[in-house]
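The structure under discussion appears below in the form of structure tokens.
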Amino acid sequence: MKYGGNTSCVELVLGDRIIILDAGTGVRMLGNCLLNREIKNYLFLQSHTHWDHINGFPFFAPVYCEDVNIEIRAGHLSTCGGIKKVLSSQMCQPTFPVPFEELSANINFHDFVAGECFSLGDGIEVKTAPLVHPDGGTGYRIEYDGVSVCYVTDTEHTPGTLDQNILDLIKDADLVIYDCTYTDEEYPKFVGWGHSTWQEGIRLCRAAGAKRLAIFHHDPSHDDVFMDQIATEAAREWSGAFVAREGTGIELSNEAAQPMSNLKAAVC
């Protein structure tokens, strides 16, 4: 209840541009917020397409609005049908009553290969990297106005070896949002599941010279008491680490990174 129960969804506000990282259940509330703000154009960057990262999409109210423009990009599906196929298939009967074809928004899809870099215009640059996760995944680094945010979930590490792809992606980043599903103590029970730990997140950020770490993608079995303990231990381990909470807003600039109450991100 304190840290949030929705699955992965983060909103980035870059000037007049909106980027949405993953379409988990948190995207339902974000969609309502975007309509209230009368924002009509945005881009989804998908880390991967397991259900907890896409099952909010059919409940994202803007997709039913004719005057909305949406672009959706993914870096792990170019050889297996593409992102449109996956998002539309989850809306097929008998698992969902509204077919994909009923969506009214102008939706464009773009598949690429993780590791590519691309420009989005307005001074926004995106770098990507492949992640270690069943069925594949993509990590993102978004750069704008001298500030960089990295979104690295879901991914698994090898104990004792820092992932060079991630180190390169997050080098000197202002904020790293990292898969911290488990603790180092829990991790041996879940090898092969495609997730990492908050301790590994700190090790990566320190090695890469990143400034702040958002401990993200909490295990559903970790209740608020458990997460409070992680928050305390992580802050003691490294002052740049904090636990992501639903509704948290962070303002990043060239000078500082300060909490900001009027920017919202649905996170879990």
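Assorted remarks:
- Taking segment 87-143 as the range and being out of contact with any helix residue (DSSP H, G or I) (no Cβ under 7 Å at 6 or more places or on another chain) and of a type in the set (Asp, Glu) as the test, the residues that pass are GLU101, GLU102, GLU116, ASP122, GLU125, ASP135, GLU143.
- Those strands (runs of 3 or more DSSP E) lying entirely in segment 216-268 with at least 1 residues modelled with pLDDT under 95: 250-252, 257-259
- Pair list, Cβ under 6 Å, 6 or more apart: segment 119-135 residue under 16 Å from HIS50 (Cα atoms), other residue crowded, with 18+ Cβ neighbours inside 10 Å and among the acidic types (Asp, Glu): VAL132/GLU156; HIS133/ASP154
- Scanning segment 154-162 for any residue that is loosely packed, with under 14 Cβ neighbours inside 10 Å, more than 21 Å from PRO220 (Cα to Cα) and among the hydroxyl-bearing types (Ser, Thr, Tyr) turns up at least one such residue.
- Some residue of segment 46-59 being of a type outside the set (Gly, Ala, Ser) and more than 27 Å from VAL132 (Cβ to Cβ): yes
- Selection count, segment 177-193, where residues are charged (D, E, K, R) and crowded, with 23+ Cβ neighbours inside 10 Å: 1
- Filter result for the condition that a residue is aliphatic (A, V, I, L, M), under 30 Å from VAL132 (Cβ atoms) and in a strand (DSSP E or B), over LEU30, LEU77, LEU12: LEU12
- For segment 194-232, a residue qualifies if it is free of Cβ contacts under 8 Å to residues at least 40 places away in the same chain, surrounded by fewer than 23 Cβ atoms within 10 Å (Cβ to Cβ) and hydrophobic (A, V, I, L, M, F, W, C), and the qualifying residues are ILE202, VAL225, PHE226, ALA231.
- Of the criteria (1) at pLDDT 95 or above; (2) part of a loop (DSSP other than H, G, I, E, B); (3) farther than 28 Å from HIS157 by Cα, which one GLU71 fails: (2)
- Residue within segment 108-118 that is closer than 18 Å to ASN69 by Cβ and polar (S, T, N, Q) present: yes
- Within segment 65-93, residues that are within 24 Å of ILE39 (Cα to Cα) have Cβ atoms under 6 Å from residues that are among the aliphatic types (A, V, I, L, M) and at pLDDT below 95 in these pairs: ILE83/LEU77, counting only partners at least 6 apart in sequence or on another chain.
- Some residue of segment 41-59 being in a helix (DSSP H, G or I), in contact with a Leu (Cβ under 9 Å, 6 or more places away or on another chain) and not polar (S, T, N, Q): yes
- Hey, PHE96 of a type in the set (Phe, Trp, Tyr) and crowded, with 17+ Cβ neighbours inside 10 Å or not: no
- Pairs are defined by a Cβ separation below 8 Å, a sequence spacing of at least 6 or placement on different chains, a first member in segment 238-255 that is farther than 23 Å from VAL27 by Cβ, and a second member that is part of a strand (DSSP E or B); the pairs so defined are TRP238/LEU213; GLY240/LEU213; ALA241/LEU213; ALA241/ILE215; SER253/VAL147; ASN254/VAL147.
- Candidate set: segment 1-39, residues that are basic (Lys, Arg) and touching a helix residue (DSSP H, G or I) at 6+ places or on another chain (Cβ under 7 Å); chosen: the one surrounded by the most Cβ atoms within 10 Å (Cβ to Cβ): ARG28
The values are calculated or read from the model by the stated rules, or taken from the named source; none is laboratory data. The structure presented is a predicted model; accordingly, all values stated were derived computationally and were not measured. In this analysis, Cβ positions are derived from the backbone assuming ideal geometry, glycine residues included, and neighbour counts consider all displayed protein chains.
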